[in-house]
1. Hey, what does the equivalent ellipsoid look like for the protein assembly as shown, semi-axes from the Cα gyration tensor as sqrt of 5 times each eigenvalue, largest first, whole Å?
2. Along the positive direction of the dipole of the protein assembly as shown (beta-carbon charges: Lys, Arg +1; Asp, Glu -1; about the Cα centre), which of A:S48, A:H10, B:V89 reaches farthest?
3. Rounded to the nearest 20 debye, what is the charge dipole size of segment A:1-107 about its Cα centre when +1 sits on each Lys and Arg Cβ and -1 on each Asp and Glu Cβ?
4. Determine the order of A:E3, B:E26 by accessible area, beginning with the largest, at a probe radius of 1.4 Å.
5. How many partner chain Cβ atoms sit within 10 Å of a residue's Cβ in peptide B:36-43, on average, as a whole number?
6. Determine the dipole magnitude for the protein assembly as shown: charges of +1 sit on the beta-carbon of Lys and Arg, -1 on that of Asp and Glu, nothing else is charged, the reference point is the Cα centre, and the result goes in debye to the nearest 20.
7. Please report the net charge: other residues with Cβ closer than 13 Å to the Cβ of B:T9, K and R +1, D and E -1.
8. Considering only the other residues whose Cβ falls under 13 Å of the Cβ of B:R50, what net charge follows from Lys and Arg at +1 and Asp and Glu at -1?
Amino acid sequence: EPEVTQTPSHQVTQMGQEVILRCVPISNHLYFYWYRQILGQKVEFLVSFYNNEISEKSEIFDDQFSVERPDGSNFTLKIRSTKLEDSAMYFCATTQEARTYEQYFGPGTRLTVT
Amino acid sequence: AQKVTQAQTEISVVEKEDVTLDCVYETRDTTYYLFWYKQPPSGELVFLIRRNSFDEQNEISGRYSWNFQKSTSSFNFTITASQVVDSAVYFCALSEGGGSYIPTFGRGTSLIVHP
């Protein structure tokens, strides 16, 4: 069964450093999402992306975050200058169509900012 | 605005006990989907079920069952004869059809099953 993959599984970084989290969507999926889960809390939507543009973003997704699809396969989330409060699990999800409930989640990247 | 409430923060049971995880939702849409996800200690989100607002039929899948009641805006999840491997955090989520289809998650219920 096709699946969404994410790398790395765990990233440790120092405060102020830039990190890039990577997601490889299911091959025929065109819509991509990032979610964040701070330890012990609920999963929260960050951003959705289609056709090389952000479709929707939450108030969490501020100027320190950016997304892109640099090479037609990977979908990345960049955090420019990490803060301690960015420590969380980051999930990528993808869908084949827009406005569908059928989101497929990746296994997540655990980001630890020290 | 949509909202999902999982009032039970943590539930602890002994193996073979039945356990019900509660989920209450709020939405103004008539078309919506409800979900349950399992998050084991390894951290990934495992999809368990999706139910649309027009289908109130209860569902059973092995030891898992779901009770959807629109009258009380609830979508409860029962595990029968719980096992240690059921220990995880369980999330209920809601997507509105008239909105962006982005799911809103509840805060999760941590289920601990003791041997």
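1. 30, 21, 16
2. A:H10
3. Dipole size: approximately 160 debye.
4. Output order, biggest surface exposure first: A:E3, B:E26.
5. Numbers: counts 0, 2, 0, 4, 0, 0, 3, 10.
Counting Cβ atoms of other protein chains within 10 Å of each residue's Cβ and averaging gives 2.
6. In debye, rounded to 20, the protein assembly as shown gives about 180.
7. Within the 13 Å Cβ shell, the charges total 0.
8. Taking every other residue near B:R50 into account, the sum is -2.
The values are calculated or read from the model by the stated rules, or taken from the named source; none is laboratory data. Everything quoted here is computed from the prediction, not taken from an experiment. In this analysis, Cβ positions are derived from the backbone assuming ideal geometry, glycine residues included, and neighbour counts consider all displayed protein chains. Heads up: the accessible areas ignore ligands, DNA and RNA and are worked out on the full protein's heavy atoms, side chains in. Shrake-Rupley method; radii C 1.70, N 1.55, O 1.52, S 1.80 Å.
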